[in-house]
Structure formats: C-alpha cells, structure tokens
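Bear in mind that the values in this text are calculations on the coordinates, not laboratory data. Small disclaimer: the values here were computed from a predicted structure and weren't measured. Cβ placement follows ideal geometry from the backbone for every residue including glycine, while neighbour counts extend to all protein chains displayed.
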Amino acid sequence: MKFCHIILVLLFVVVQVAQSGPFSKIAADERRLRRDIKRLSQSFRFPAGEKKKVLLVIDVQNGYDADFISTLRGKGGLAYLQQEHEINGFDKTSYFTRATRDRNVEKQLQQTLLSGLPGTSTGKFRTNYNKGWNLGMNLATVAARINAELTKAWDLVVFTTDYLDPDAIGVFVKGDNVGLVPYGEFLALTAGNTGTEVSSKIRINGAAPNCQRNYDVARIATKASRVFCFRKTEDDAFDSDPTHIDVTSAGKVRPNAQTLAAYLKKFGFGPDEAELFFSGIVTDRCVAKSLISACKGGYKTTLIEKAAMATSPADHGNGLQAISAGCPTATIDTA
C-alpha cells in the first residue's frame, strides 16, 4: 500500500511539472490550433457545385521590401549587408564538386566544412553580404494591385511567408573562395525578425494582416475576414513534405506539421471545391513553383500577372514561361 501511495505521488508531481513547464505552452498552442482549424473548417459551407475562390499572396513581406531593408538596423539591414565581413574560406572547386542537389547531403557537407574539413580551408577572406535580392525590391506597385484584389469577395485569402531558420547556412562565393554564413547574418526573413511579417504596404479590410504576431495564438482569423497565414522554409508553398514548411516561431519543425494542401482540404478548399488565384513574389521562384505544384495537385490555377513581380522584368518573364510550361492549363490574367 505504501509503495502504491509513493507511485501516485510521483505521478502527481510529474503531471504538475509538465503542466507548468516549457512544454505546456507548446501543447496549449497546438490544442488551440486544432480547435481553430476545426472551427474554421465548419464555418465554410457553400452551395453544391459552386467552386470557391482562394487568393494566395505569396511572400509579400517586409524582408523583401527595399524601403524596409534600408531602415532596418543591424543584421539583415542595408548598411550591415553592404559592409565587408571577415569569414572562413573554403576551396570553391572542392565545395561545388562534392555538393549535390540533395538537401541533406548539401547540409551535411556545409556542416563538415564549417568544422574545418582537412584540405579545403583557404583561410579567411572578406566580402559583403549583398546577394542583390536580399537588398529588397520596390513593392509599391505590386502591393497596390494586391490591395485592390483584397477588396474583392474572396472565399479565403492565404498569406504565405518565408520564415527561415537563422542557423541555416547560405553560400557566398568570391574568387576561388566559398564562405558559409548563417541566414541570420544576411537575411531579414529569419525567425523572430520583423522582416518576416507581411509587408506593411498590404492592407486587408483597412488593417495589416499581422500574420506573425498572431501566428501561434490565433493564426486563423475570424470567419468574417477569412484569412489564413502559413509559414514556409521552401520556395514551394505546396511542398509535399510538411517538415520543410509549417514551422514554429523559432523556425523549427512544428509538431504535427501539415502541408498547405492538407490545410486547404481540411477547410473545404480541396481541388474539387476551390480554384486558386496567385499573386506575390518572386514570379520566377516562389510564385511559379507554388502554382505549378498546386496545378499538379489537381487545382485550377490562375496567375494575376500584375499582382506578381520578380527582381527584374526578364526574371518576371522567365516566371511566366515556367508557369506556362509547368502548368499548361493555368490561366495568366494580364488585366
């Protein structure tokens, strides 16, 4: 009897610790998320045979806005990116010869190089963190068109946002040297950075979407606004591997992560029930890849061409060609 009593006491202590410890917030957030998903999916009911219209706003974020980057101080800001930084160098030929397109092999190789793989180190070299695209773009025109689209009667609006792990590695090449630099040094799109928020130039119902601020607490807005925010770490918002997307506020894999396609289907916006309209940046990467994947997943897709942009007109054109080739049934609305 005394032994059973001791076991019961120990179990009580364990439960109390679990409920008050660091895991309690994660568990509470997951319960809240499941409850909100169920509530939202139940709220969407439409006449049989009528296809719903979903607007996707792909990655229109402060971290891609030149105006925002120019005023951001510290890491990821314009002044910091243009400075010269001293980093460890590795032999370019060795790096690119051994690197493969497989993400896991690539990451393993990068980690090995960071720890100093014998025979590859070339010593330190200096370079800036200017990759061109990470200095941002002029989003005024595309944001204005997206805002005009947001005034229309969409059945659902989905904002996707790049939300990157600050410890992930980026590659810088200068001469014969390769430098490996954490994302947190040269991107404003890493976890916790204000650059991850939907651009301050975007307004829905007169207000900012505030996706990141509300993401873990109430990422699904009210039935009236019908907005869904979705974080990702890959170009393709419809990536079929949930561990590449749907991440936590720390940029790590979310417990019970799901794909965007799975969420849409759960809400009643599957391929047989809805058609998707795409806008955002950049046309030749995230927009094109997301649209093509959605198309291959059975969705009827449309690109609102003037609501999308790339870093140059040529790249925008390349994106349009990629969409036409990857999804011949896609409509490109040029109005």
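What to note about this one:
- Candidate aspartates and glutamates for bridging to K51, where Cα separation is under 12 Å - those fewer than 8 sequence places away on the same chain excluded: D155, D272, E273, E275
- For the residue pairs K75/K174; K152/K266; K131/K152; K152/K232; K266/K306, the alpha carbons lie more than 32 Å apart in K131/K152.
- Protection proxy ranking for 190-200, 275-285, 76-86, using the average of other Cβ atoms within 10 Å per residue and placing the highest first: 275-285, 190-200, 76-86.
- S312 paired with T122, simple spin-label distance in nm, labels 7 Å along Cα-to-beta-carbon: 2.4 nm
- Label-zone membership for the range 294-334, site K131, 7 angstrom Cα→C-beta point, backbone N under 17 Å: 310-312
- Karplus-based coupling profile of the range 228-233, in residue order and whole Hz: 10, 9, 9, 7, 8, 10, with θ = phi - 60° in 6.51 cos²θ - 1.76 cosθ + 1.60 and x standing for Gly or Pro.
- Proximal aspartates and glutamates relative to K201, as straight alpha-carbon distance under 18 Å, when same-chain residues fewer than 8 apart are discounted: D59, D65, D67, E149, D162
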